[in-house]
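*Asks:* Shown below is the structure under consideration.
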Amino acid sequence: MKGKLVRTATIHRNTKETQISVTVNLDGTGLAQVSTGIGFFDHMLESFAKHAMMDISVDTKGDLHIDMHHTVEDTGIVMGQAIKAALGDFAGIKRFGSAYVPMDETLSRACIDLANRPYLVWQVVFERPKVGDMDTELFKEWFHAFASHGGLCLHVETLYGQNTHHIIESCFKALARALRSAIEIDPRLGGGLASTKGVL
């Protein structure tokens with residue numbers, strides 16, 4: 001009898017700008033241990049883990065004395081790499097996922113094709129340049145890095161909303177819910193790939 005599929009990975013990345021370690025368990029319960037030095041960013045990654053039902057450990061030390069850009073972007077790179085590594089050859093997964101997430105006056109949508117052909121469509125506008133101390137423009141950088149290194153074709157759109165916190169959080173939750181669907185094992189595939197090409 002075959003053992004249970006284990007979909008976990010740990011990735012380390014060390015540069016002159018950041019030192020990062022990320023561990024993911026795709027079949028977890030939403031546990032998160034996150035430390036990036038940026039409170040609001042930590043909160044978004046914890047929310048992502050909970051709604052993706054994915055256990056994550058993120059330890060990022062970045063050059064925050066300069067700004068938050070390297071910390072945020074490089075964390076996206078390593079998280080994407082870890083999820084891609086945990087997926088292996090993408091065999092047996094549903095591949096596609098989508099989710100709408102309302103948050104008070106805001107509604108956001110994320111759609112994913114886990115086809116190992118990275119792309120980001122980002123239709124999100126922020127009313128404010130910052131939330132807390134964090135530049136809102138950095139969220140696109142995280143989503144782009146995450147999609148590029150995770151092998152995701154990812155479309156994220158806020159259909160409407162005014163509150164910047166709500167817009168950002170609804171985008172993270174929509175991504176999490178869409179990814180949770182896309183990485184699910186489809187028993188009807190029998191371990192094969194959801195592709196007529198035979199490879200992703």
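*Asks:* I'd like the residue in region 92-120 that is at pLDDT 95 or above and at positive phi and, out of all such residues, is farthest from the chain's Cα centre (by Cα).
*Replies:* Asp104
*Asks:* Moving on to the next point. Out of His155, His149, His144, which single residue is in a helix (DSSP H, G or I), in contact with a strand residue (DSSP E or B) (Cβ under 8 Å, 6 or more places away or on another chain) and of a type outside the set (Val, Ile, Thr)?
*Replies:* That would be His144, the only listed residue that is in a helix (DSSP H, G or I), in contact with a strand residue (DSSP E or B) (Cβ under 8 Å, 6 or more places away or on another chain) and of a type outside the set (Val, Ile, Thr).
*Asks:* So, Thr23, is that one in contact with a Ser or Thr (Cβ under 7 Å, 6 or more places away or on another chain) and closer than 28 Å to Gly191 by Cα or not?
*Replies:* Judged against the criteria, Thr23 is a match.
*Asks:* If you take the residues in region 128-141 that are free of Cβ contacts under 8 Å to residues at least 60 places away in the same chain and either in contact with a strand residue (DSSP E or B) (Cβ under 7 Å, 6 or more places away or on another chain) or aliphatic (A, V, I, L, M) (or both), which one is surrounded by the fewest Cβ atoms within 10 Å (Cβ to Cβ)?
*Replies:* It comes out as Pro129.
*Asks:* Given the options Lys61, Lys16, Lys84, name the one that is in contact with a helix residue (DSSP H, G or I) (Cβ under 6 Å, 6 or more places away or on another chain) and open to solvent by 50 Å² or more (accessible area, probe 1.4 Å).
*Replies:* None of the other options fit; the residue is Lys84.
*Asks:* Going by what's in this entry, would Gly37 be described as in contact with a Leu (Cβ under 7 Å, 6 or more places away or on another chain), free of Cβ contacts under 8 Å to residues at least 40 places away in the same chain, surrounded by fewer than 19 Cβ atoms within 10 Å (Cβ to Cβ) and in a loop (DSSP other than H, G, I, E, B)?
*Replies:* Against the criterion (in contact with a Leu (Cβ under 7 Å, 6 or more places away or on another chain), free of Cβ contacts under 8 Å to residues at least 40 places away in the same chain, surrounded by fewer than 19 Cβ atoms within 10 Å (Cβ to Cβ) and in a loop (DSSP other than H, G, I, E, B)), Gly37 qualifies.
*Asks:* Got a number for residues in region 40-66 being hydrophobic (A, V, I, L, M, F, W, C) and part of a strand (DSSP E or B)?
*Replies:* Residues in region 40-66 being hydrophobic (A, V, I, L, M, F, W, C) and part of a strand (DSSP E or B): 2 in total.
The values are calculated or read from the model by the stated rules, or taken from the named source; none is laboratory data. This one's a predicted model, so the numbers in the text were calculated from it and none came from an experiment. Reconstructed Cβ throughout: ideal geometry from the backbone, glycine too, with neighbour counts over all protein chains shown. Ligands, DNA and RNA are stripped out before the accessible areas are found, and what is left, the full protein with its side chains, is counted by its heavy atoms. Shrake-Rupley method; radii C 1.70, N 1.55, O 1.52, S 1.80 Å.
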